[in-house]
Amino acid sequence: MGFNTEDFQAKPTIAILNTWSDVNNCHTHFRDRAEEVKRGVWQAGGFPLEIPVMSLSESFMKPTSMYYRNLLALEVEETLRCYPVDGAVLMGGCDKTVPALIMGATSANIPSIFLPAGPMLKGCWKGETLGSGTDMWKYWAERQAGNLCEDSWNELEDGIARSPGHCMTMGTASTMTAIAEVLGLCLPGSTSIPAVHSTHARMASSVGRRIVDLAWDKITPRDLLTEDAFHNAVVTDMALGGSTNAIIHLIAMAGRAGVSLTLDDFDRISQDVKVIANIRPCGEHVMEDFYDAGGILGLLSQIRSLLRLDAPTVSGETLGKNIEGAEVFDDDVIRPIDRPVGKAGGTYVLRGNLAPDGAVIKPTAAEPGLLEHSGPAVVFSDYADLKARIHDESLGLTADHIIVLQNAGPIGAPGIPEWGMLPIPNYLLKQGVRDMLRISDARMSGTSYGACVLHVAPESAVGGPLALVEDGDTIRVSIENRELHLDVSDEELARRKESWEPKESPYRRGYGRLYADEITQANEGCDFRFLHSGPDTPEPDIF
Ligand code: FES
């Protein structure tokens, strides 16, 4: 390798786990950042080794990057276990890379610090700001309604992703990196820095210097990921109007840390915290504006009274100390708590006979008129059925119908893909309809919007009540009462259940088989059962 003994002897060895890949557009700056981290590690007296790990590219993976979150987590855990490593820098940002890296490092429990990719620059088209995902969904509906030509569509595509970095709306990436910081795993303020700012490069070197100290001090993820840290993460998620995906990831991350976190915790906290980040899809701005307005530290300063400030962080200071002196420079982007973005909180948990183990909805991203709604169901048995029939005018759907998609959950799809923003029929789009109530056991992208009830558990593929819904059944959704009710008698549901049969998994071998056998439901975090916290894995004795 060309190293002298002096290069590594009596120095902490720092693994820089890099999720760079040619196929991951969000991480194209990570080769540079890895060098900047190394510079910091050398300066602080450590020995850096860059180790590539699987890159989960949100835009290009099939069936969904979520299917591979646990595989990356497993790779990270075993990479940190098998090599002689004293500390780790976790380089991620694109959606599932964030929870995966943290889950793996938590299970390995080696001193670690998270280096966020940072959001990309804001998009632009004809003088209008474009937000990742959110504006693509918006203009796709216009395209389907016949209001946008091919050339304009191509211009939009050229203008929406103009630099390295993750999606710059409050999608899963921006939500999960902010959460990583609030959990105590990042340098203060680092997660809001746009990917291409020179500040981002300087932050990377600071991360390199800091991990050497953490390695000497043996401060591990499980020292930081306490019940208080997860409380702070859920509060922040609600104030951000964060991605619904954050619920699944946080439950899985807590499971790795041995902390109990359930949908009831989200439900309880969501009743006290309103959205104050005016960022798309719940609000108007994008992440570059959020950074300029004071970033995550500015936001945390607004919700200070709701946080447990003694939680420790990788900075060596408490969360409270980290946000001391933080300011908000634009109170339209980061609102004070008495002037929230909307009346509703970030993510609501719904329960009822259609979702005994819970479902979620993001009310601030929905048409307000649909938040108390009942209507007839139109049911699609799987995604192929949805694609084949949704635009068929003979179905005669109206804006009052409730679109139901079955078999899109962790096992049914598989991988609980982001199909939950179910398409509105083209003929209704042409009539001006832009939102409808939609229910599925799928997830939706954090950049998506609409009255979409997601993560219905148990999922239909394991015989959850969603599998028993039929065309014309009345469904009632009440955000006020946090209720999801199927207006069919228990006797009738029992009769339907008797004739229901599970589909056999097509996966007989390999990762698909492992996934089908071990995946848990959405309300349990979709982790593999055997990766939950438990007794420490013994270190192999090689001598
Ligand atoms: Fe990577 Fe959105 S595509 S974060």
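If the rule is a partner Cβ under 4.7 Å, which cysteines in the chain fail it?
By the Cβ distance rule, which asks for a partner under 4.7 Å, the isolated cysteines are Cys82, Cys124, Cys149, Cys167, Cys186, Cys282, Cys452, Cys526.
Could you give me the radius of gyration and the Dmax of region 220-298, taking only the C-alpha atoms into account and expressing both in angstrom?
So, for region 220-298, Rg and Dmax equal 13.5, 38 Å respectively.
Give the shape of region 293-367 as rounded, prolate or oblate, defined through the alpha-carbon gyration tensor: a ≥ b ≥ c are the square roots of its eigenvalues, a/c under 1.5 means rounded, and otherwise the shape is prolate if a/b is larger than b/c and oblate if not.
On the way: a/c = 3.43, a/b = 1.60, b/c = 2.14.
Oblate, since a/c reaches 1.5 and b/c is not below a/b.
Taking Lys122 as the anchor, which lysines have their alpha carbon closer than 17 Å to its alpha carbon, excluding any fewer than eight residues away along the same chain?
Lys138
Could you size up the charge dipole of the chain around its Cα centre, putting +1 on the beta carbon of Lys and Arg and -1 on that of Asp and Glu, and report it in debye to the nearest 20?
Using Cβ point charges on Lys, Arg, Asp and Glu, the chain gives about 600 debye.
Excluding same-chain residues fewer than 8 positions from Lys274, which lysines have a Cα within less than 18 Å of its Cα?
Partners found: Lys343, Lys362.
Take the Cα radius of gyration of the chain and divide it by 2.2 N^0.38 Å, with N its residue count; two decimals is plenty.
Working: Rg = 23.0 Å, N = 543, 2.2 N^0.38 = 24.1 Å.
The chain yields a ratio of 0.95.
Mind checking which of Ser198, Gly118, Ser152 is farthest towards the positive end of region 116-227's charge dipole, using Cβ charges of +1 (Lys, Arg) and -1 (Asp, Glu) about the Cα centre?
Ser198
Check cross-link reach from Lys96 to the lysines: straight Cα distance under 16 Å, and skip same-chain residues fewer than eight apart.
Partners within reach: Lys62.
Got a sec? Charge dipole of the chain, +1 on Cβ for Lys and Arg, -1 for Asp and Glu; which of Gly512, Leu71, Val360 is way out at the positive end?
Towards the positive end, the residue furthest out is Leu71.
Divide, for region 393-519, the radius of gyration over alpha carbons by 2.2 N^0.38 Å, where N is the residue count.
Here the Cα radius of gyration is 1.15 times the empirical estimate.
Quickly estimate the mean residue ellipticity at 222 nm for the chain, helices only: each DSSP H run with n ≥ 4 gives -39500 (n - 2.57), and the total goes over all residues, rounded to 500.
Mean residue ellipticity, 222 nm, calculated: -10000 deg cm²/dmol.
Find how many whole Å separate the alpha carbon centroid of region 25-81 from the alpha carbon centroid of region 412-435.
33 Å
Note down the net charge around Ala293, summing +1 for each Lys or Arg and -1 for each Asp or Glu among other residues with Cβ under 15 Å from its Cβ.
-4
Starting from region 1-97, pick out the chymotrypsin sites (Phe, Trp or Tyr not before Pro) whose DSSP state is loop and whose Cβ has at most 15 other Cβ atoms within 10 Å.
Of the chymotrypsin sites (Phe, Trp or Tyr not before Pro), the ones in loops of region 1-97 whose Cβ has at most 15 other Cβ atoms within 10 Å are Phe3, Phe60.
Identify the residues of region 462-482 with backbone N under 20 Å of a label point that sits 7 angstrom from the Cα of Asp517 along the Cα-to-Cβ direction, or state none.
462
Taken together, the values in this text are just the output of simple stated rules run on the coordinates, not laboratory data. All of these numbers come straight from a predicted model, not from anything done at the bench. Glycine also receives a Cβ, built like all others from the backbone with ideal geometry; neighbour counts cover every protein chain displayed.
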